[in-house]
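A short worksheet on the structure shown next.
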Amino acid sequence: MIDMHTHILYGIDDGAGDFMLALDMLGEEWKQGVRGVVMTPHYGPKFQCPLKEFLEERFQKLCDKAYGKYPDMRLYLGNEAYYHENLISDLQEGRVLTMNHTQYVLVEFSFGESYSTIKYAVEELVYAGYIPIIAHIERYRSMLGKYDEVQELIDTGAYIQVNVESFLGGIFSKRTVFVKKLAKMNLIDFVASDCHDLIDRRPNLQSGKKIIEKQTDFSKFTENAEKMLRGDYI
């Protein structure tokens, strides 16, 4: 498996606070059968805008240690970019990291963002030559239960990522009902943990895999992540 949305890179945002926690989180990923992890620290005015060089330095330090402990694990770097008016220029000037140096961009919005703004952002990114991946689409109130709108975003050029946690709710969870139907309708391109720690938001791909496989073929998410990391179209 490949976990393509994580906050394991340490001391950057609201994810892993230190080097040892980051290493322990990678160990938990490895135990669950994950062999590829993309580190996607937050970027944007809401979360600060960490310098690329700072991220790359910490990423390399973690790689050096992790590859010694888990030689079959592969680590990659990107950002989870919060959509703002300067996002395109920040991408073009190299301040925002794309996913493993490809044209794919993991982009998030405020939970109350309107559908029209999300669609405009997708259009803007596509026009600029990027391939937007909408992070955890089920968390935006304007998208919940809006299957036609999700399809419209895909038709506009977006790819859709959903958090595993959203599959783990009960029958009364609107998010769970939403993502399960999205899966049945083949409207999900990526599933990820969006892990932040080892307590409340831990790596959990394995725990959701069996549930997701009742709705759709889980292996396609790994295949999609592999293509994304190579910069291939899906």
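The values are calculated or read from the model by the stated rules, or taken from the named source; none is laboratory data. What you see is a predicted model; the values in this text were computed from it and never measured. For neighbour counting, all protein chains shown are included, and Cβ atoms are generated from backbone atoms with ideal geometry for every residue, glycine included. We work out accessible area using only protein heavy atoms, side chains counted, and drop any ligands, DNA or RNA first. Shrake-Rupley method; radii C 1.70, N 1.55, O 1.52, S 1.80 Å.
Does segment 129-144 contain any residue that is open to solvent by 20 Å² or more (accessible area, probe 1.4 Å) and without any contact (Cβ under 8 Å) to a residue 24 or more places away in the chain? Walk me through it before giving the result.
Of all residues in segment 129-144, those open to solvent by 20 Å² or more (accessible area, probe 1.4 Å) come to 129-130, 139, 141-142, 144.
Filter once more, so that each one left must be without any contact (Cβ under 8 Å) to a residue 24 or more places away in the chain: none.
No: segment 129-144 contains no residue that is open to solvent by 20 Å² or more (accessible area, probe 1.4 Å) and without any contact (Cβ under 8 Å) to a residue 24 or more places away in the chain.
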Q.
open to solvent by 30 Å² or more (accessible area, probe 1.4 Å), within 25 Å of Pro50 (Cα to Cα) and not aromatic (Phe, Trp, Tyr): is that true of Gly112 in this structure?
A. yes
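For (1) touching a strand residue (DSSP E or B) at 6+ places or on another chain (Cβ under 7 Å); (2) within 19 Å of Pro41 (Cβ to Cβ), each residue gets a yes or a no:
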site	(1), (2)
Phe190	yes, yes
Asp200	no, yes
Lys209	no, no
Glu213	no, no
Lys227	no, no
Asp232	no, no
Glu223 vs (1) charged (D, E, K, R); (2) part of a helix (DSSP H, G or I); (3) buried (at least 17 other Cβ atoms within 10 Å of the Cβ): all pass except (3)
In segment 145-162, anything in a helix (DSSP H, G or I) and crowded, with 22+ Cβ neighbours inside 10 Å is listed as Val150, Leu153
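Have a look at Val150, Val164 and point out the one that is within 21 Å of Thr117 (Cα to Cα) and hydrophobic (A, V, I, L, M, F, W, C).
Val150
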Problem set entry | Condition check for Leu91: under 18 Å from the mean Cα position of the chain (by Cα), surrounded by 12 or more Cβ atoms within 10 Å (Cβ to Cβ) and touching a residue at least 12 places away in the same chain (Cβ under 8 Å) | yes
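Kindly check whether there is at least one residue in segment 74-87 that is more than 21 Å from Val105 (Cα to Cα) and among the polar types (S, T, N, Q). Let's see the steps before the verdict.
Narrowing segment 74-87 to residues more than 21 Å from Val105 (Cα to Cα): none.
Looking through segment 74-87, none of the residues is more than 21 Å from Val105 (Cα to Cα) and among the polar types (S, T, N, Q).
Tell me, which residue of segment 19-59 that is in a strand (DSSP E or B) and on the phi > 0 side of the Ramachandran plot is surrounded by the most Cβ atoms within 10 Å (Cβ to Cβ)? Give the derivation first.
Going residue by residue through segment 19-59, those that are in a strand (DSSP E or B) are 36-39, 42-44, 48.
This time we only want the ones that are on the phi > 0 side of the Ramachandran plot, so: 44, 48.
On the way: Gly44: 19, Gln48: 12.
Among them, the one singled out is Gly44.
Could you list, in sequence order, the residues of segment 170-201 that are buried (at least 16 other Cβ atoms within 10 Å of the Cβ) and not in a helix (DSSP H, G or I)? So that I can check it myself, show each step before the final result.
Let us first name the residues in segment 170-201 that are buried (at least 16 other Cβ atoms within 10 Å of the Cβ), namely 175-180, 182-183, 187-197, 201.
Correct list: Leu187, Ile188, Asp189, Phe190, Val191, Ala192, Ser193, Asp194, Cys195, His196, Asp197, Arg201.
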| request: Could you tell me whether Arg74 is open to solvent by 10 Å² or more (accessible area, probe 1.4 Å) and more than 27 Å from Arg139 (Cβ to Cβ)? | output: yes
